[in-house]
Every structure is written in structure tokens, then in C-alpha cells.
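The values are calculated or read from the model by the stated rules, or taken from the named source; none is laboratory data. Keep in mind that what you see is a predicted model, and the values were worked out from it rather than measured. Here Cβ is always computed from backbone atoms with ideal geometry, including for glycine, and neighbour counts include all displayed protein chains. Each accessible area value is taken on the protein alone, full model and side chains, heavy atoms only, with ligands, DNA and RNA left out. Shrake-Rupley method; radii C 1.70, N 1.55, O 1.52, S 1.80 Å.
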Amino acid sequence: MTKNNNNQEDLFDEYAYDWWNKTGNYKLLHKLNPLRLEYILSRLEIKNKKILDIGCGGGILSEELSKMGAKVTGIDSSKKSINIAKKHAKEQDLEIEYINGSILDVSSLGNFDCVVCFEMIEHIHDPKKLIEKIGTITQKKSHLFMSTINRNLKSFVFAKIFAEYILNVVPRGTHQYAKFITPYELNNMLEQHNFNISSIDGILFNPINESFTLGNDTEVNYFLHAEK
Ligand SMILES: C[S@@+](CC[C@H](N)C(=O)[O-])C[C@H]1O[C@@H](n2cnc3c(N)ncnc32)[C@H](O)[C@@H]1O
């Protein structure tokens, strides 16, 4: 948790062993998971829908979507994470297709009713390419759910300094401020690929009990729902 990591790919491989440890490096993602599932379910009936989970990591969200009856494919560039995801899904008797590779490089993924991309876009060099790719694997009426970190002084202080260096709830080096992305920037990219944003909602973190709630303040972490 205290190690300083500069290479993002190495970092997700290095901590892959910890994906299903609810008190480990990814404990906040476990705590956030019920809220993001609720967010999706309140906006879309997912039973039998084809869903792609981009940057699925160890499959924390993929598994919950699969349990709700969705046909889930998860993709992640970290080989170790995908191996953990496959193993865990098998143990849970869940049928999820997992692919190892960068979303920007893989071809012939097919078409999806819904794409989920949580806590991922802030880790890639070219977010425009990611949104462009999402445009190519979706059709009219497809849904997109994302979460990411806004870019401003407040998000730098809370999502970077507090989370990584003071509260130590996120491994050091996980986030790079320059890659944070504003709702305005995301909206512009999405519009170019025929997505309309249905809602943007703030995610509020309570450091005392390490819990998350939805709110109006989108200055640090936010959820986004868009439809094509
Ligand atoms: C912070 S984790 C989020 C994991 C998962 N979405 C969750 O919230 O539980 C970000 C994940 O995105 C993956 N990732 C980063 N760049 C990627 C790319 N270009 N293609 C696919 N996955 C990528 C990383 O390997 C990592 O597992």
C-alpha cells in the first residue's frame, strides 16, 4: 500500500492477487460496488442484456451484473487480473467471458446493449480513443455507465493527496492528476459518438466509516449514465 508505483500496467498486475480481499488494496471498490450496481439497476433492466465491462479488473462488478442475469464480457489489459477474475467466476459458478487485452487494441468484440467502464478512463493515455471505441461496439439505444474523477483543485486534494498519502486507502501512484477528466470534457467526447448524457451524479465518500453515497457534488468522483 505504501509503495510508489509509476507504471500503471505494472501496478494492476502487481496488486492483482488482492482483487477479492475486501479489506485490501481494493477495499474501496468493494465498498463502492453496491452503489454502482444500484445506479445501473435503477436505470436499466439488465436481465439478458449483453454487457461489456471495460477494465473489469478482478471482476468485482462483472460478477454482480452476471448474478442479475446479464450476459457479461469483461476485458482488462492486466493478465494477472484477468486470471484472478476467471478463477473467481469459476468458483462462483458464474458464466462470464473474460478477455485479456487493451480495449484500444482488440478487434471484433461484437456489439453490446450496455457498456460499463468504472474507475478506468482516468488510467488511460487517450480517453478520446476509448470513447471512440465504445462508439464502435454499441448501437442506437445502447447504454453507457461510467465513473471517474473530476479534474480541479478539490479532486487533486481529496482523490490524490488524501486518498493516496494521508488516508492510505488507495495504493500510492494509482492516480495521475493530469488524467482526471471533467464532465464537460467527457460530454464533448460522448456527443461526437452520438451519446447523450442522461445523468451525472456525484459520489460522496465518508472517510469515517469509509462508505459512499450519491449526491449533487460532482467535483471529485462522479457517475455518468449516457444513452445512444
Ligand atoms: C481501478 S481498476 C478498476 C477495476 C474495475 N472497473 C472496478 O472498478 O472494480 C482499472 C482497471 O482498468 C484496467 N485497464 C487500464 N487500461 C486498460 C486498457 N487500455 N484496456 C483494458 N483495461 C485497462 C486496469 O488493468 C485495471 O484493472
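Some points to look at:
- ³J(HN,Hα) computed for each position of the range 51-65 - Karplus, 6.51 cos²θ - 1.76 cosθ + 1.60, integer Hz, glycine/proline x: 10, 9, 9, 8, x, 6, x, x, x, 4, 7, 3, 5, 5, 5
- Within the range 138-205, the proportion of C-alpha pairs whose separation exceeds 19 Å stands at 42%.
- Tensor-based shape of the range 52-172 (alpha-carbon gyration tensor, a/c under 1.5 rounded, otherwise prolate or oblate): oblate
- Applying the Karplus relation 6.51 cos²θ - 1.76 cosθ + 1.60 with θ = phi - 60° to the range 187-200 yields 3J(HN,Hα) values of 4, 4, 5, 5, 4, 5, 10, 6, 9, 10, 6, 8, 7, 10 Hz, where x marks Gly and Pro.
- Bridge orientation summary for the range 8-227: considering DSSP beta bridges with both residues in this region, about 50 percent are antiparallel.
- Probe 1.4 Å, all protein chains present, accessible-area order of LEU204, LEU224, largest first: LEU204, LEU224
- Solvent-accessible area of TYR165, all protein chains in place: 90 Å² (probe radius 1.4 Å, heavy atoms, ligands and nucleic acids excluded).
- A full extension of the chain between ASP126 and GLU185 corresponds to an added length of 20.0 nm, given 0.36 nm per residue minus the alpha carbon distance.
- Radius 12 Å from Cβ of ASN83, net charge of other residues (Lys, Arg +1; Asp, Glu -1): +3
- Rounded to the nearest 10 square angstrom, LEU167 shows an accessible area of 70 square angstrom against a 1.4 Å probe.
- For the range 106-228, pairs of C-alpha atoms spaced more than 27 angstrom apart make up 21 percent of the total.
- Built amide H within the under 5 Å cut-off of PHE118, gap 5+: ILE54, SER147
- What the Cα convex hull of the range 100-157 gives, in volume per residue, is 102 Å³.
- Long-range tail of P(r) for the chain (Cα pairs > 22 Å, %): 48 percent
- Note on the chain: with neighbouring protein chains present and a 1.4 Å probe, carbon and sulfur make up 50 percent of its accessible heavy-atom surface.
- Near ASN196, once Lys and Arg are set to +1 and Asp and Glu to -1 for all other residues with Cβ below 14 Å from its Cβ, the sum equals +2.
- Net charge over other residues, Cβ less than 15 angstrom from the Cβ of LEU214 (K, R count +1; D, E count -1): -1
- For the range 11-19, 3J(HN,Hα) computed residue by residue from phi via the Karplus equation (6.51, -1.76, 1.60; θ = phi - 60°) reads 4, 6, 6, 4, 9, 4, 4, 9, 3 Hz, glycine and proline entered as x.
- Taking all protein chains together, MET68, MET120 sort by accessible area into MET68, MET120, largest first [probe 1.4 Å].
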